[in-house]
1. Shape of the chain from its Cα gyration tensor (a ≥ b ≥ c, root eigenvalues): rounded if a/c is under 1.5, otherwise prolate when a/b > b/c, or oblate?
2. Can you sort GLU37, GLU43 by 1.4 Å-probe accessible area, starting with the largest?
3. Averaging sequence separations of C-alpha pairs under 8 Å and six or more residues apart, then dividing by the length of the chain, give the relative contact order as a whole percent.
4. By the gyration tensor of its Cα atoms, with a ≥ b ≥ c the square roots of the eigenvalues, what is the shape of region 40-96: rounded for a/c under 1.5, prolate for a/b over b/c, or oblate?
5. Give the distance, in whole Å, between the Cα centre of region 13-49 and the Cα centre of region 57-72.
6. Calculate how steeply helix 81-94 sits against the longest principal axis of the alpha-carbon atoms of the chain, using the helix alpha-carbon long axis, and give the answer as 0 to 90 degrees to the nearest 10.
7. For ASP23, what accessible surface area do you get with a 1.4 Å probe? Give it in Å², rounded to 10.
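The values are calculated or read from the model by the stated rules, or taken from the named source; none is laboratory data. Keep in mind the model is a prediction, meaning the values are calculated, not measured. Side chains are part of the model used for accessible areas, which takes the heavy atoms of the whole protein and leaves out ligands, DNA and RNA. Shrake-Rupley method; radii C 1.70, N 1.55, O 1.52, S 1.80 Å.
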Amino acid sequence: MKEGRKEREADVWTALADGTRRDILQMLSSRPHTAGELADQFERSAATVSHHLAILRESGLVHCERRAQTLIYSLAPDGAKEAALFLQMLQKKARR
């Protein structure tokens, strides 16, 4: 396995390990959201939500687009692809 891919996978798994980040991903599955819209959904500081968004972005699970002063977050099209393929492989082996 290539080292870069291994590091990125670890980032994806780390990102998915946190409940708040999974909640953010669930929200983004319905439509893109601004950082403010996402922060308003949690009883945490904007800085804390921003930290979670940075981890999601760095892991490749989330895409961020700047429109003027606004940051808009959406799911990255292939962000969870490797994790999904790994889980599918495990599921197939478990059925044997």
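1. prolate
2. On the way: GLU37 65, GLU43 185 Å².
Of GLU37, GLU43, the descending order of accessible area is GLU43, GLU37.
3. Answer for the chain is 30 percent.
4. Working: a/c = 3.98, a/b = 2.18, b/c = 1.82.
Prolate.
5. Cα centroid to Cα centroid, the span is 12 Å.
6. For 81-94 against the chain, the angle is about 40 degrees.
7. Approximately 80 Å² of ASP23 is accessible to the 1.4 Å probe.
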